[in-house]
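The values are calculated or read from the model by the stated rules, or taken from the named source; none is laboratory data. Bear in mind the structure is a predicted one, so any value in this text is a computation, not a measurement. Because the Cβ atoms are built from the backbone with ideal geometry, glycine has one as well, and the counts that use them run over all protein chains shown. Protein only, heavy atoms only, side chains kept; ligands, DNA and RNA dropped before computing areas. Shrake-Rupley method; radii C 1.70, N 1.55, O 1.52, S 1.80 Å.
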Amino acid sequence: MMSNDNRHVTSVADPAAMAEAAAERVIARISENPGRVAICLTGGSSPKQLYQLLGTDPWRSRIPWQRVHWFIGDERFVPADDPLNNMRVARKTFLDRCAPASNIHPIPTSTADPTDPDRGAALYEGELKAFYGADDLDPGRPLFDLVLMGVGPDGHTASLFPGDPLLDEVRRWVVGVHKANVEPFVPRITLTLPTLACCREMLFEVAGSDKRAILTRVFAGENLPATRARSSGETIWLVDQAALPENFRA
């Protein structure tokens, strides 16, 4: 493990090794909390192998499914059964087969106005506050045990895009994003940086040579959403060899 700019960066050989390392982090965080556990999932391609692992033995048998709750950090504002829906991917891959339905917390995307994500954002914020039991976040009492994250080619993370004023939002827990900077160009709903930060561990997964350029910029401290996303606890980046910037090579 290497440290740079207050991040813990762990290099792994390839995406398969990354999925195993991420699965171990998930199990470790669950094991450290004997009570109710909250995991915040992410969309995109990076976590798919992780989700596949969690739904298969021996990993599945290591998770106390009855006390683990599954949330998600952002969602595309499309119906729950749309192939673009992030939680749909997680549900099809492992959640619907393993987790109690009451422990799965998707972002609502079916509202009266199919073009306005703000209502869905408000509903999810209310659900998070009810789960947390308070209207204000306390870094000393994390909302999530683990938050999974990725990074886009433009440096976005969750659905927080470079230059968006929503990056500076500190009052709302969840916000509607009316315009995405990358495909698919559909509205989004995303947790804000303070909400994502309220966790014991934030775990980024980044793989592929196409991510090396943006990681170089992030690790250099450029003002990008992925640079600003930090846990109030521990922040870990799992990076495969293909994505690892040159200045991080041994």
Notebook entry, point to check: If we scan the range 70-87, do we find a residue that is in contact with a Phe, Trp or Tyr (Cβ under 9 Å, 6 or more places away or on another chain) and open to solvent by 10 Å² or more (accessible area, probe 1.4 Å)?
Noted result: no
Next item on the list: Among the residues of the range 155-173, count how many are free of Cβ contacts under 8 Å to residues at least 60 places away in the same chain and touching a strand residue (DSSP E or B) at 6+ places or on another chain (Cβ under 7 Å).
Entry: 3
Notebook entry, point to check: Of all residues in the range 226-250 being part of a loop (DSSP other than H, G, I, E, B) and open to solvent by less than 10 Å² (accessible area, probe 1.4 Å), which is nearest to L146 (Cα to Cα)?
Noted result: A229
Note to self: Is it the case, given these coordinates, that D57 is among the acidic types (D, E) and in contact with a Lys or Arg (Cβ under 9 Å, 6 or more places away or on another chain)?
What the structure shows: no
Margin query: Regarding the range 187-194, can at least one residue be identified that is touching a Leu at 6+ places or on another chain (Cβ under 9 Å), modelled with pLDDT of 95 or more, assigned to a helix (DSSP H, G or I) and buried (at least 18 other Cβ atoms within 10 Å of the Cβ)?
Written below: yes
Item checked: Residue within the range 33-52 that is basic (K, R) and surrounded by 21 or more Cβ atoms within 10 Å (Cβ to Cβ) present -> no
Check: Does the range 160-169 contain at least one residue that is more than 18 Å from the chain's Cα centre (by Cα) and in a helix (DSSP H, G or I)?
Finding: yes
Checklist line | Count of residues meeting criterion [more than 17 Å from E222 (Cα to Cα) and either open to solvent by 10 Å² or more (accessible area, probe 1.4 Å) or among the polar types (S, T, N, Q) (or both)] in the range 146-164 | finding: 2
Item checked: Sole exception among (1) part of a helix (DSSP H, G or I); (2) open to solvent by 10 Å² or more (accessible area, probe 1.4 Å); (3) of a type in the set (S, T, N, Q) for N223, by number -> (1)
Note to self: Quick check on the range 53-68. Is at least one of its residues in contact with a strand residue (DSSP E or B) (Cβ under 8 Å, 6 or more places away or on another chain) and either open to solvent by less than 20 Å² (accessible area, probe 1.4 Å) or more than 20 Å from C199 (Cβ to Cβ) (or both)?
What the structure shows: yes
Check: Are there any helices (runs of 4 or more DSSP H) wholly within the range 9-124 with 2 or more residues that are modelled with pLDDT of 95 or more and within 20 Å of D240 (Cα to Cα), and if so which?
Finding: 15-32, 48-54
Next item on the list: Mind listing just one residue for me: the one in the range 139-186 that is charged (D, E, K, R) and closer than 13 Å to R76 by Cβ and, of those, modelled with the highest pLDDT?
Entry: K179
